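This report refers to the structure that appears directly beneath it.
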């Protein structure tokens, strides 16, 4: 089955700096890679996703890159703000399997200090 | 409306109690999921319902019993739980394909005493 590795487990940055979180996956059939942000006491919230036919996707300060050959994908947050502080999870899924579900990385706790 | 609603938000139950967690979505999604999340850990898949039929059961103990009464509702029936079952239980839904966005509810914080 799929296995997703995520690094680093914690990341501390100054406000305005960039933050990068990296994930690798094991199943070459996985085709969908979302990123979730989870704030304390809340459920995970989808912030951006990418499909395997795309190498990069950007949404304002957030971008995701995908390297299918190397089986890794990354989240880039620019101009970080204190409200970006949260736990971030990457995930992967194989769309060929009906009713399939996401397999999550272990998460990265991002702290942005002002 | 991209909302998945879970009730209750908090639940404390004894090991001999029977309780149910409820989840509702009105996005027309055909797949619904139960995840369990322990503190400082990622969500861990428990069950997947696809078109109201159970399609994945990740070897979850029988003290957890899922039910999908219709395409908008998902229940998780709890009976004879153990203290180690205390966790955040998350419901999610998606269009159904593995490459479609999954939306999560806020979760039910369950404490077993």
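Only the coordinates and a few stated rules stand behind these numbers; no lab work does. Since the structure is predicted, the reported quantities are computational estimates derived from the model, not experimental observations. Here Cβ is always computed from backbone atoms with ideal geometry, including for glycine, and neighbour counts include all displayed protein chains.
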D (µm²/s, integer) via Stokes-Einstein for the protein assembly as shown, Kirkwood Rh across alpha-carbon pairs, 25 °C, 0.890 mPa s: value 136 µm²/s
With chain B reduced to its Cα atoms and the Debye formula applied, log10 I(q)/I(0) at q = 0.11, 0.19, 0.21 1/Å amounts to -0.31, -0.94, -1.14
Shielding of B:54-65 by other chains, given as the mean Cβ count within 10 Å, works out to 1
Taking B:45-51, A:80-86 and ranking on average Cβ neighbours within 10 Å, highest first, one gets B:45-51, A:80-86
